[in-house]
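Take a look at the structure below.
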Amino acid sequence: MCGIVGYIGSKRAYDILIQGLHRLEYRGYDSSGVAMISESGELNIYKSKGKVEALEHFAQNKDLSGAIGIAHTRWATHGEPNDINAHPHYSQSGRIALVHNGTIENYTVLKEALTQHGYSFVSQTDTEVAVQLIEYIMLTNNCSLFDAVAEATKRIVGAYAIAVVDRQNPNQIIAARQSSPLVIGVGEGEYFLASDATPIIEYTNKVVYLNDGEIAVINRGEELKVYDAKSAECSKIEITELQMSIEQLEKGGYPHFMLKEIFEQPRTLADCISGRISADGKSVVLSGVIEHKERFLNAGRIIIVACGTSWHAALIGKHLFEDYCRIPVVVEYASEFRYSNPVVGKNDILIALSQSGETADTLAALELAKAKGAFVFGICNVIGSSIPRATDSGCYIHVGPEIGVASTKAFTGQVTVLAMMSLLIGQMKGTVDQQTLATVASDIRRVPALIDDILGMHEQIEDLAKIFTYAHNFLYLGRGYNYPSALEGALKLKEISYIHAEGYPAAEMKHGTIALIDNDMPSVVIAIKDNVYDKTVNNIQQVKARGGKVVAIVTEGDTIVRDMADYVIEVPEISECLTPLLTAIPLQLLAYYIAVNKGRNVDQPRNLAKSVTVE
Ligand code: G6P
């Protein structure tokens, strides 16, 4: 959570910082702030509770000069979201300013020690401790800002990406990272700094990803220098070329990023599949798997760790790997796995599934499995993010930047990659026959067009949303491959409309949840023609018998459920394992339109952030 931006060059830093904050707002929007060293040498900090817009309003008519600055958009961890706790934070003398993404675990100990040395604190944040500590080291050791930051990183325990400026040196930004991401953009005589590449892409496509334990010294007009914080040795700088475009970061005429991302799915899935299924549909190519063929052939077990929507995709992955590869799979919440005492063997494969590639719990879970000797594989969207960099191998989902906080196209991208992976591993192991492989592979190629057809029904779903906008509770039911779809449908609704919703395995409902059903509690039931279709039909009858309203998602041409349910949405027929890719679309649209009707902030729902880099 939290996003940081920095700029040093010859342009007005404020404009670049604000634009960067807008790009990173998805990482948190409790407050934002900027610090710039002005033309007259002042270190000006402007900050404001709420969104970046509030900051812009606040900063009007202030001195916005200066070609060096740092900025921050916050998702509150320590201290309530208010102006004082907003970043950047000043050091006691007002000479240094700092922004931070992450959490400092030993901040109370450090704070106590600094208090004894005469430091006082204005905010409730852990971050203020870092800036005071750096100043304290600088003044007591009479050292440079770089040395002070290097020393401070040795004393700080926790996760951080920080950027620091010193009023007395308007030509330098020092940045450091441990567990939280940091990217440096290399322009012509200027440098950019950000939590991800999105604020950088409009200025340069050349970036350097800082590694854990590194400190960057960014001097105006000089070559970028990166050092190992512990050894103080100079690191080799690797410049990566970004493959992102500005258009991908804009709304492109849609009222919300979420709607744009829902409608993008035919194209994003085509990109995800592109080059990975042979033209004759007889083989799947995923180099990250093929290069480690032996590992997959000898896998005793696959453990998938993930959070949120990615965890739902992981549950679908379990069905896929067990069906096609005959490998036992366990799916774990990363946050639970990392603090458990898991039995992980050398023949286990751990798959870390994450859109952002930065989720702190998922990263920690993979490190734990790695330490226990497992082969770790990443399935991520954000190229160059922390998880792909920490894994032995992996596979990108290639769906482009996802900005809406509620995940949509990443979910379908993840399921598509999991489906392709399971076919490939199944083929290598001989657990999937050629006919099945050809059928499912050619169905994967049909998915983009089928999703396009479903999107064509958006008006029907918009009308349906009007009927249910004022429901207070929802039940989402599904079975087999579509039980995770029910969980995901419920999560989408909760996240953006703030309506309580529960996802449930349809048959399990009768063991308790059925007591909640009445005329006021609609059930969304995924009742496609799969191997438990008849059972799901029974479950619908059980809901109807209690006076419940049913919205059913059915296979095209279904008449049985149509006669029973109150409202029906049809999806085309496809291989059962791919049905979650189709059923996801009406569920995403339903949640979206209900949230819009309720006047919610769809792209930035309250209390949430897209990239959860704290525990
Ligand atoms: C946050 C986001 C969710 C996302 C989850 C896991 O909660 O709001 O949309 O599913 O994190 O994120 P990841 O990037 O690891 O998939």
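The values are calculated or read from the model by the stated rules, or taken from the named source; none is laboratory data. No experiment lies behind these values; they were computed from the predicted model shown. Positions of Cβ are backbone-derived with ideal geometry, glycine not excepted, and every protein chain shown enters the neighbour counts.
What the table below lists for this structure:
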| read-out | value |
| --- | --- |
| Single match in Ala86, Ala97, Ala71 (criterion: without any contact (Cβ under 8 Å) to a residue 60 or more places away in the chain, crowded, with 16+ Cβ neighbours inside 10 Å and not in a helix (DSSP H, G or I)) | Ala86 |
| Which numbered condition Asp280 misses (of (1) assigned to a strand (DSSP E or B); (2) farther than 30 Å from Lys154 by Cβ) | (1) |
| Asp361 crowded, with 21+ Cβ neighbours inside 10 Å, in a helix (DSSP H, G or I), out of contact with any Leu (no Cβ under 9 Å at 6 or more places or on another chain) and touching a residue at least 24 places away in the same chain (Cβ under 8 Å) | yes |
| Filtered residue count, the range 365-379, keeping only those that are part of a helix (DSSP H, G or I) and within 12 Å of the ligand (Cβ to nearest atom) | 2 |
| Condition check for Asp534: assigned to a loop (DSSP other than H, G, I, E, B), surrounded by fewer than 21 Cβ atoms within 10 Å (Cβ to Cβ), more than 16 Å from the ligand (Cβ to nearest atom) and on the phi < 0 side of the Ramachandran plot | no |
| Within the range 505-541, tally of residues that are under 17 Å from Ala565 (Cα atoms) and in contact (Cβ under 8 Å) with a residue 40 or more places away in the chain | 13 |
| Filtered residue count, the range 151-192, keeping only those that are in contact with a His (Cβ under 6 Å, 6 or more places away or on another chain) and at pLDDT 95 or above | 1 |
| Flag if Ile397 is surrounded by 23 or more Cβ atoms within 10 Å (Cβ to Cβ), closer than 21 Å to Gly281 by Cα and away from the ligand (no atom under 14 Å from the Cβ) | no |
| Selection count where residues are part of a strand (DSSP E or B), of a type outside the set (A, V, I, L, M) and in contact with a helix residue (DSSP H, G or I) (Cβ under 7 Å, 6 or more places away or on another chain), scope the range 100-115 | 1 |
| The lone exception for Glu332 - which of (1) free of Cβ contacts under 8 Å to residues at least 40 places away in the same chain; (2) within 16 Å of the ligand (Cβ to nearest atom); (3) closer than 30 Å to Phe263 by Cβ; (4) not in a loop (DSSP other than H, G, I, E, B) it fails | (3) |
| Residue in the range 400-422 that is within 16 Å of the ligand (Cβ to nearest atom), without any contact (Cβ under 8 Å) to a residue 24 or more places away in the chain, touching a strand residue (DSSP E or B) at 6+ places or on another chain (Cβ under 9 Å) and closer than 30 Å to Ser179 by Cα present | no |
| Residues being over 20 Å from Pro388 (Cα atoms) and within 25 Å of the chain's Cα centre (by Cα) - total across the range 187-199 | 3 |
| Failed item in (1) more than 30 Å from the chain's Cα centre (by Cα); (2) modelled with pLDDT under 95; (3) of a type outside the set (Ser, Thr, Tyr), with Lys610 passing the rest | (1) |
| Criterion: under 30 Å from Ile201 (Cβ atoms), touching a residue at least 40 places away in the same chain (Cβ under 8 Å) and surrounded by fewer than 23 Cβ atoms within 10 Å (Cβ to Cβ) - qualifying residue of Glu80, Glu25, Glu53, Glu39 | Glu25 |
| Counted residues, the range 283-313 - those being within 16 Å of the ligand (Cβ to nearest atom) and assigned to a helix (DSSP H, G or I) | 6 |
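A quick yes/no check of all residues on (1) assigned to a strand (DSSP E or B); (2) under 30 Å from the mean Cα position of the chain (by Cα); (3) of a type outside the set (Asp, Glu):
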residue: Glu502; (1), (2), (3): yes, yes, no
residue: Glu508; (1), (2), (3): no, no, no
residue: Asp530; (1), (2), (3): no, no, no
residue: Gly557; (1), (2), (3): no, no, yes
residue: Arg562; (1), (2), (3): no, no, yes
